[in-house]
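Participant: One structure is given below, represented as structure tokens, and several questions about it will come after.
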Amino acid sequence: MGFKKAKYILKQAFQGIWRNRMMSVASIGSVAAVLVILGLILLIVLNISNITLITKEKFDEIYVFLEEDLEEEVISHIGKEIRSLDGVFSVAYETKEYALEKMKEEWGEDADLLEGIDNNPLPNSYIIRLKSVDNAEEVIVKVENYTGVEEVRYYKDVIEKLVSTSDFMRTAGSVIIIILLLISIFIISNTIKLTVASRKTEIELMQYVGASNGFVRGPFMIEGLVLGLIGSFIAILIVLNTYDQAAVYINDKFSVMLSVYIVKPTVIVKDIVIIFITIGVGIGSLGSLVSIKKFLSI
Amino acid sequence: MLEFMEVSKFYKKQQVAVKNISMKIKKGEFVFLVGKSGAGKTTLIKLLLKEINPTSGKIYYDGNDITKLKNRRVPELRRRIGVVFQDFRLLPKMTVYENIAFAMEIVGSSAKNIRREVPTVLSMVGLSSKANNYPDELAGGEKQRVAIARSVINKPQIIIADEPTGNLDPETSHEIMKIFTEINKRGTTLIMATHDRAIVDQMKKRVIELKKGSIIRDSEGGYYNGL
């Protein structure tokens, strides 16, 4: 394609956008809105998955908290008992001092908060890894009855709940996103339809004179593409800004405890940009293709 | 070079547009298609331009059946056919020169070619002095001359004119017919659908008369009413 043709197609595309500016703004707005909602759903799903993953890793263990001030022998006796149980893969002993160190490490900068504590409130504990989750119930019931055991914690329910929540969010999110995509394709195709109508004579002429289909379609494809692209840029700005601020807010309000689980904004920038531009351009081109197919009969 | 073989076109509800049309048009001929509104003239033109496809039958152009032509090859067909309409169909935002150049641009002619060809064609239709005027500033006959210039600019083998004098007074129509005659003399085949009895009678060319979608007369040097 020559320079002249390319120039003509581009000029027509931008003229189309300008002539129907109200509809163009509506199209850009709808693409942006769809992508913002998509982005929010995506980020929520991403974070829930992330939390699920971390939680799974962290809590796929049975914590056996021991009573305060137990004799050494009692502690090691409990250890032996646990080791002898069926289904136990490994047992580790964690002193209360070590547990506090670990907590300080996890809390990072906020560890200062722990300095004020005089007595270490954390208990000594055994951490059990199982051969299989199926043995969990049995092991827990037995361990709970040992003397010297204060509490047994196992987060199976929490993990299961998280997994099912994350599955549900993914499915519901996909459905919502598909519906929204269809709506915005429809809106774009209507905008392009207006341009097609306003240039009807010209298009007919072009077809009579023997302009190639690509040449006739070109301006409309570009028009849709540009609308989609502008919409996706706006959405990228909104979503990244919102997420950044949300991350800062969570850091401020809930301290590091929670922010460990939040996916860092810097990590997602590239992906969001790629996904949004792809979808924006996709919606735009598809929208114009729909109206061209319908109204140009080529 | 052009042959219709038992071509029929039905629209929805079995409504007949044209029925069993067979005709041959040779290179360089001048043919009038006459008949009342709804007789099928426009349908024949649309079939030839492959705007629509026949329900049955074949249409050969230079030995190829255009009813079997793929959609993406249609532009190639149309580049070999120039079209002139009753309502001129000029682009109002372009000057006379630009309207004609536009037809060259969209088939990808070079700027050099455009600068050479457009003035030549403009002088042939006698509009050199109006090159920079807009269609709104022209009289009906002048507009049609621009449309004719546009139809010949890409050197088509056939020119199809659908009621080209329908909106013009007799004197202007006569001028337009002179231009068509000139174009035909240079070897371009001309197919003209018309209601204009005076013109058909005066030109004494081949006349194909349609009625209710069928050819009822095909006569060399014929008259509008068949005398």
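All of the numbers you see were taken from the coordinates with simple rules; none came from a lab. Note that the structure is a prediction, hence the values are computed from the model and not measured. Here the Cβ is made from the backbone with ideal geometry for all residues, glycine too, and neighbour counts use every protein chain on show.
Participant: So for chain B: antiparallel DSSP bridges make up what percent, rounded to the nearest 5?
Facilitator: On the way: 18 of 36 bridges.
Expressed as a percentage, antiparallel bridges in chain B total about 50.
Participant: What is the sum of charges, Lys and Arg at +1 and Asp and Glu at -1, for the other residues whose Cβ falls under 15 Å from the Cβ of A:LYS270?
Facilitator: Numbers: positive: A:LYS264; negative: A:ASP244, A:ASP271.
Around A:LYS270, the charge tally is -1.
Participant: Among A:ILE272, B:ILE148, which comes first, then next, by fewest other beta-carbon atoms within 10 Å?
Facilitator: Numbers: A:ILE272 21, B:ILE148 26.
Ranked by crowding around the Cβ, least crowded first: A:ILE272, B:ILE148.
Participant: Restricting everything to alpha-carbon atoms, can you work out Rg to Rh for region A:17-130 with a Kirkwood hydrodynamic radius?
Facilitator: Details: Rg = 25.7 Å, Rh = 18.9 Å.
Reported Rg/Rh (Cα atoms, Kirkwood Rh): 1.36.
Participant: Report, for the protein assembly as shown, the % of DSSP beta bridges that are antiparallel, rounded to 5. Please report the intermediate quantities before stating the final value.
Facilitator: Working: 32 of 50 bridges.
Of all bridge pairs located within the protein assembly as shown, approximately 65 percent are antiparallel.
Participant: Right, next: Anyone know which of A:LEU70, A:LEU240, A:LEU38 comes out most mobile in the 10 Å Cα GNM of chain A?
Facilitator: Looking only at A:LEU70, A:LEU240, A:LEU38, the largest GNM fluctuation is found for A:LEU70.
Participant: For chain B, modelled as a Gaussian network with Cα springs under 10 Å, which listed residue fluctuates most, B:LYS50, B:LYS27, B:LYS68?
Facilitator: Top of the fluctuation ranking is B:LYS68.
Participant: From the phi of every residue in region B:155-165, what ³J(HN,Hα) in whole Hz does the Karplus formula 6.51 cos²θ - 1.76 cosθ + 1.60 yield, where θ is phi - 60° and glycine or proline is x?
Facilitator: Karplus values, whole Hz, x for Gly and Pro: 6, x, 7, 10, 10, 10, 10, 9, 6, x, 10.
Participant: Between B:ASN132 and B:SER110, what length comes free when the chain is fully extended (0.36 nm per residue of separation minus the Cα-Cα distance, one decimal in nm)?
Facilitator: Working: separation 22, 0.36 × 22 = 7.92 nm, distance 2.06 nm.
So the chain would gain 5.9 nm between B:ASN132 and B:SER110.
Participant: Okay, moving on. Cross-link list A:LYS270/A:LYS293; B:LYS27/B:LYS143; A:LYS293/B:LYS24; B:LYS41/B:LYS205; B:LYS178/B:LYS204: which exceed 23 angstrom alpha carbon to alpha carbon? Provide the component values of the computation, followed by the final result.
Facilitator: Numbers: A:LYS270/A:LYS293 34 Å; B:LYS27/B:LYS143 28 Å; A:LYS293/B:LYS24 34 Å; B:LYS41/B:LYS205 17 Å; B:LYS178/B:LYS204 13 Å.
Those over the limit are A:LYS270/A:LYS293; B:LYS27/B:LYS143; A:LYS293/B:LYS24.
Participant: Got the relative contact order for region A:61-154 handy, in percent, Cα pairs under 8 Å and 6 or more residues apart? Each step should come with its number before you reach the end.
Facilitator: Working: 127 pairs, mean separation 49.7, N = 94.
This gives 53 percent for region A:61-154.
Participant: Work out which helices of chain A, taken as complete DSSP H runs, extend at least 20 Å along their axis over the Cα atoms and score a mean Kyte-Doolittle of -1.0 or more, then list them. Walk me through the intermediate numbers first.
Facilitator: Working: long enough: A:3-19 (24 Å, -0.45); A:21-59 (55 Å, 1.61); A:156-198 (63 Å, 1.25); A:213-259 (60 Å, 1.04); A:265-296 (45 Å, 1.62).
Flagged H segments are A:3-19, A:21-59, A:156-198, A:213-259, A:265-296.
Participant: I would also like to ask the following. Calculate one ³J(HN,Hα) per residue across region B:3-9 by plugging θ = phi - 60° into the Karplus curve 6.51 cos²θ - 1.76 cosθ + 1.60, and present them in order as whole Hz with x for glycine and proline.
Facilitator: 9, 9, 10, 6, 8, 10, 9
Participant: Right, another one. Taking Cα centroids, how far is region B:169-190 from region A:5-28 in Å?
Facilitator: Answer, in whole Å: 40.
Participant: In addition: Working from the pairwise distances between different alpha carbons, so that the mean of 1/r is found and then inverted, what is the protein assembly as shown's Kirkwood radius in Å?
Facilitator: Values: mean 1/r = 0.0334 Å⁻¹.
Kirkwood hydrodynamic radius for the protein assembly as shown: 29.9 Å.
Participant: Taking every residue in B:102-112, how many Cβ atoms of other protein chains lie within 10 Å of its Cβ, on average?
Facilitator: Details: counts 6, 6, 1, 8, 12, 6, 7, 2, 2, 3, 0.
That average works out to 5.
Participant: Give me the one-decimal nm value for the distance between modelled label points at A:ASP86 and A:TYR146, 7 Å along each residue's Cα-to-Cβ direction.
Facilitator: Once both label points are built, they end up 1.9 nm from each other.
Participant: Sticking with this structure for a sec: At a Förster radius of 56 Å, what calculated FRET efficiency corresponds to the Cβ-Cβ distance of B:LYS27 and A:THR171, to the nearest 0.05?
Facilitator: Working: r = 67 Å, r/R0 = 1.20.
It comes to 0.25.
Participant: A further question follows. So the label point goes 7 Å from the Cα of A:VAL163 along Cα→C-beta, right? Which residues of region A:54-84 then have their backbone N under 12 Å from it?
Facilitator: Within reach of a label on A:VAL163, which here means backbone N under 12 Å from a point 7 Å along Cα→Cβ, region A:54-84 contributes A:56-57, A:60.
Participant: I'd like the FRET efficiency for B:ARG186 and A:ASN241, computed as 1/(1 + (r/R0)^6) with the beta carbon distance as r and R0 of 56 Å, rounded to 0.05.
Facilitator: Result of the calculation: an efficiency of 0.25.
Participant: Something else about it: How do the peptides A:279-285, B:32-38 rank, highest first, by the average count of neighbouring beta carbon atoms within 10 Å per residue? Each step should come with its number before you reach the end.
Facilitator: Values: A:279-285: 23.4, B:32-38: 18.3.
Per-residue mean Cβ counts within 10 Å order the peptides as A:279-285, B:32-38.
Participant: OK, next. Around A:ASN145, with a cut-off of 13 angstrom between Cβ atoms, what is the net charge of the other residues, counting Lys and Arg +1 and Asp and Glu -1? The partial results should precede the final answer.
Facilitator: Details: positive: A:LYS142; negative: A:GLU81, A:GLU138, A:GLU144, A:GLU150, A:GLU151.
Charge balance in the 13 Å sphere: -4.
Participant: Express the relative contact order of chain B as a whole percentage, based on alpha carbon pairs under 8 Å and six or more residues apart in sequence.
Facilitator: 28
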